[in-house]
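Note sheet for the following structure.
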Amino acid sequence: MARVDGVGMAGALREAARASLLLLAALLPFEMTRPLARLGPLQLSSVELFLYLALAVWGASVADGLLGGARVRHRGAGGRRLPATHAAVLVWTLVLFASALCAPALRGTAIKFALRSLSGILLYPAAVDLLRGPAAITRVAQALAAGAISAALLMLAEGRLARVTEALRPFHGQTFEVFGLVRGSGPFQYPNIAAMYLEAVLPLVFVLGLSSIVARWTRPHAGASLGPIAGSAWPLLALLALLALLGGILTTASRAGLATAVVCLVALGICLALARVTRRSAWAAFGALAVLGLASQLASSALTLRLRFWKDADWYRAALVPVAGPAGQMPARLPPAGEVSVTFEARNLGALTWRRLPPTPVALSYHWIDADSGEIAVFDGARFELPADVPPGGSAMVRGTAVAPTRPGRYLLWWDLVHEHATWFSQRGNPGVRRTIEVAGFDAAGATTGRADSVVRFAVSDVVPRAALWRAALAAWREHPLLGLGADNFRHLYGRYLGLPDPDDRLHANNLYLETLADEGTLGFLALVFLVGALGSAARGAAAPPPTRLLALGLSVGLGAYLVHGIFDTFLEFTPTFALPWLLAGMLVALGRAPGEAAA
């Protein structure tokens, strides 16, 4: 009887662990910004509480099985060689902690990040161990789909329904916008994070719905061969869910997000055609792609403008014309810290309306550049606001006062327009107005005339160009080639490579691969390559049997979304987006088990 009771307890713990994994999958998008609890040095968010709960229950089930003498069936047990995916995950984990322990600076911060990352990594063995058979894996996929769809619906309502917008405040304190258009963030902290999550779940939603539709297209017994996902009775709901996810991605106004969604749908179409599930299955993917393209063109003009990244130079076309007479003249000589005031007619020749008021106004400003060395003496000059909003084709009169550097020399005064939190117009090809000015002159006592440097704004620009971040990441890797700066340390240290005295530590390298090189060095990059290769091999194995082919395709393309979007962003700081790939990887490997191991 004792043995039966023990077996019953072990079974109850495993069922509880599976239930907690399902709950986590559904709640993964809903991470509040304010921590809810602490665990040693770690602050736990709302999602991390459910993550640690799932891992704790799974750990208890494993411990109970070991203590009770139960035979825990892991791949690689019984003398068999450790599978490549398990080895790759282990190597990645070891390199991650090695980079943190050997960090040249901020070692404690790097170790803390590595510990947070470990909680996501542990989802991989938990999913491999708990999800025995396609039916269990499908249930987790459906939970992921339900959470992502709920998040997408909130994003579609955000900015349109005041109650929804206010209810989302705990998830992101600010409202994101571009060109006067609210960017959907939903229950995620940032729009780009929302886009990444939805893109990775999009293929799962597609195959979950497609499998039930395929079952109806084909003969009844053919539907059964597609596995448990064919039993789902929600073809119409799946179509609506797919549209909701596509709409949610569009609301983020993420150009990389849109591009990744397109790549995912194209990959799905090609793979379905090659797999010969049905001819109409491939056309379904390309049909979804057409819907996405049509929706992006029929959306608001601001959103369409945002997504046309290849025409971004047209957004910021402008002309600064000094007015005739003394108000528009600039002297050839100024005393140190002296002032020069100029009135301009600012003409909007681009496609954007220039907003006068926050959060993203357009304003007149200036730079001072050493004419001999080319070094920037003052990058961020004072701001001078427009008298009113300026639509495309319009103009406004604006007067600015530039304060010269205190050090004598020959300088280039460069009048420029700035779109706050976005870009300088000069970075988009606009020449602005430039004048070389000699800064010289002393009073009788030998002291410099004019005011001190404190009147000049030396704040770093809010936006560091992506190319500059990439250069900084490569410079960090060259300086620490083996193990990098330490896990997640690039965002704290990149300023030293760009000469920025007070960098924004929320910025990453905006590239998964360069971020890996900068943080974990060459060993980290090789570990990433090993991991991607191992998962690719696992995907081929899982897709070989027809009963699991569609589900394997959805999981594989979902993981591939990270590799595509990773060219332009990195997501390993946020719980939803660092936990999701490990969960998808565990589901994929569990799906590829031999039939005997896949039994519940």
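Computed from the coordinates by the stated procedures, all read-outs in this text should not be read as laboratory data. Everything quoted here is computed from the prediction, not taken from an experiment. Using ideal geometry, Cβ is built from the backbone for each residue, glycine included, and neighbour counts are taken over all protein chains shown.
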Virtual paramagnetic centre 7 Å along Cα→Cβ of Leu237, amide N under 19 Å, in the stretch 123-139: 135-139
Using the basic label-point model (7 angstrom from Cα toward the beta carbon), what is the Ile376 to Leu23 distance in nanometres? 5.0
Quick query: amide H of Leu334 versus all other amide H atoms, modeled in the peptide plane; which residues come in under 5 Å with a sequence gap of 5 or more or a different chain? Glu438, Val439, Ala440
³J(HN,Hα) across the stretch 397-402 via Karplus (A = 6.51, B = -1.76, C = 1.60, θ = phi - 60°), whole Hz, x for Gly/Pro? 8, 9, 10, x, 10, 9
What does the charge add up to near Pro134, with Lys and Arg as +1, Asp and Glu as -1, over the other residues with Cβ less than 12 Å from its Cβ? +4
Taking placed amide H atoms and a strict 5 Å upper bound, the residues 5 or more places from Ala318 or on another chain that come that close are Leu349
Check Thr406: other-chain or 5+ apart residues with amide H under 5 Å from its amide H, H built from backbone geometry? Ala337
Whole angstrom only: what separates the Cα centroid of the stretch 109-184 from the Cα centroid of the stretch 348-396? 37
Taking Ser185, Ser119 and counting other beta carbon atoms within 10 angstrom, the fewest-first order is Ser119, Ser185
Among Asp416, Asp505, what is the fewest-to-most ranking by other Cβ atoms within 10 Å? Asp505, Asp416
Between rounded, prolate and oblate, where does the stretch 317-455 land on the alpha carbon gyration tensor, with a ≥ b ≥ c its root eigenvalues, rounded for a/c under 1.5, else prolate if a/b exceeds b/c? prolate
Proxy exposure order for Val182, Val439, Val532 (fewest C-beta within 10 Å first) is Val532, Val182, Val439
